[in-house]
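What follows is calculated from the coordinates using simple rules that are stated; it is not laboratory data. These numbers come from a predicted model, not from an experiment. So basically every Cβ, Gly included, is an ideal-geometry build from the backbone, and we count neighbours across all protein chains shown.
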There are 2 protein chains.
Amino acid sequence: MTRDELYKQIKAKGSFLCIGLDSDIAKIPSHLQGHSDAIFEFNKAIIDATHDLCVAYKPNIAFYERMGSHGWDILQRTLDYIPDDIFTIADAKRGDIGNSSRYYAETFFNTYDFDSVTVSPYMGHDSVEPFLSHEGKWAIILALTSNTGAADFQLDHGSSNEPLYQQLLRKSSTWGSAENTMYVIGATRPEMIKEVRAIIPNHFLLVPGVGAQGGSLEEIAAHGINEHCGLLINSSRGIIYAGKGEDFANVAREEAMKLKVKMEALL
Amino acid sequence: MTRDELYKQIKAKGSFLCIGLDSDIAKIPSHLQGHSDAIFEFNKAIIDATHDLCVAYKPNIAFYERMGSHGWDILQRTLDYIPDDIFTIADAKRGDIGNSSRYYAETFFNTYDFDSVTVSPYMGHDSVEPFLSHEGKWAIILALTSNTGAADFQLDHGSSNEPLYQQLLRKSSTWGSAENTMYVIGATRPEMIKEVRAIIPNHFLLVPGVGAQGGSLEEIAAHGINEHCGLLINSSRGIIYAGKGEDFANVAREEAMKLKVKMEALL
């Protein structure tokens, strides 16, 4: 999917919501837990109830991988079930070198037909570049994550003027372009979005941490929106596990609608 | 597997060789390529021919993941086929936060019964800690990798006195211990092993880059060996693709033997 196609979808839906499919057998409604195909049925119901309110779905690969090869089959069927005009993100945080990185890219772009994959940048340019050579596909590079451990290295200055995540943005934004690279910027540090935009005004940001982790949508939007919108705000648990009963999909829809209504006003 | 058990195996075999099972349908001998279970047959032959010469096997997960769910079945059967006394490394370079990181650890330690998994540290302590809470299991943290991109961030000083990989070693070595943490240190920068050992004298190092990538075993050993040996030297392509014909397993054995003989002299 191109940046223009993504932006067109955002304008048409009045939404820049990404829904995280962190689907966990221990957390889905109890009436589904005995189902022989529980996780897929859960995903299907969530997608049916929310696809007109969001522009992206983001399965977290850890949740599927843990189930063994069966989990990958569920992932494939979930991906097939997502409407074609919706942007898909494999939240896999992969990163290796040479052939290995090339094969991770092929995994998510060819074996599975995701639009994008999240990539860990610790190993540098040759770990990211294989994800940038697939037409219409995107690398979403971890920059400033929403967890406390982000302070260990990403926010570390040494005695430098720039914390690592800013050096990362500056350097890695030259590897590709705003047409094939996005960045993960956690919502838990909204004051830093301004500094991010000073370095990368044009790139899309994938922003986790709104909702369950406490980030503010309004603060993010105030500094983060650019002329292509430039934001995908992710909510996972806050939407998919909002309801515990048989009406869980409707409750998920209500939560997604609350965010969508706010987003429409912000656009 | 405990550190003492690993060291006992190293002494018994006179080897600290790790063989990387980067098994690729495009690179295995042509007579196997038409086989219905080609990759597993290839792995089986390599393991049969080399298991008395090495102390660890390291399947690179990218090569299996790319095949979809079928690849994970091959991985499982390969793991089952590796003798129990050999240390197994899932070279997966995973890293996420919270439940996601916990689930990656469960994937490789429970769903698949690997002894260890390689972990990318960019997201900090809470991305690594879930890998440190499994009895007898190991996190192998990327520190200084063997690729050119290592210079982008790992070797970057900012205006600090310490490059990032040294800050990483200093900080992350307090998260666990030398009994559950190892580090990836590429063989392509052997002069830095001395600096690594100044910070972490006791940890095992997993050293890729000997052979195909040009690193010197003798240089690594000179500065890297400690009282528990403390080194696992990996070779992948240099061993498993040394032969192209029907005798490929014997040729792989010869290459493994050359390294093993050198290692025995160094121990």
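General observations
- Neighbour-count ranking [beta-carbon atoms within 10 angstrom, fewest first] of B:196, B:117: B:196, B:117
- A protection proxy built from the mean count of other Cβ atoms within 10 Å ranks the segments A:219-227, A:108-116, A:255-263, most packed first, as A:108-116, A:255-263, A:219-227.
- Ranked by the mean number of other Cβ atoms within 10 Å of their residues, highest first, the peptides A:82-93, B:69-80 come out as A:82-93, B:69-80.
- Peptide A:111-122, shielding by other chains (average Cβ, 10 Å cutoff): 4
- When each of the peptides A:234-245, B:2-13, B:134-145 is scored by how many other beta carbons lie within 10 Å of its residues on average, the order from highest to lowest is B:134-145, A:234-245, B:2-13.
- Cα-only Debye scattering, segment A:226-267: base-10 log of I(q)/I(0) at q = 0.30, 0.34 Å⁻¹: -1.01, -1.13
- Evaluated on segment B:3-266, the Kirkwood hydrodynamic radius is 18.6 Å, with distances taken between all distinct Cα atoms.
- Radius of gyration, Dmax [segment A:1-102; alpha carbons; angstrom]: 14.9, 46
- Percent of Cα-Cα distances greater than 20 Å, calculated over segment B:46-165: 50
- Rounded to the nearest 20 debye, dipole of segment B:57-152 from Cβ charges on Lys, Arg, Asp, Glu: 260
- Mean silhouette area of the protein assembly as shown, derived from the convex hull of its C-alpha atoms and averaged over all directions, reads 22.6 nm².
- Per residue, the convex hull spanned by the Cα atoms of segment B:124-256 amounts to 133 cubic angstrom.
- Inter-chain Cβ neighbour count for A:165-172, averaged per residue, equals 2 (cutoff 10 Å, partner chain atoms only).
- Averaged over peptide A:56-65, the number of partner chain Cβ atoms lying within 10 Å of each residue's Cβ comes to 4.
- Ranked from shortest, the separations from the 7 Å Cα-to-Cβ label point of residue B:148 to its equivalents in the other copies are 4.1 nm.
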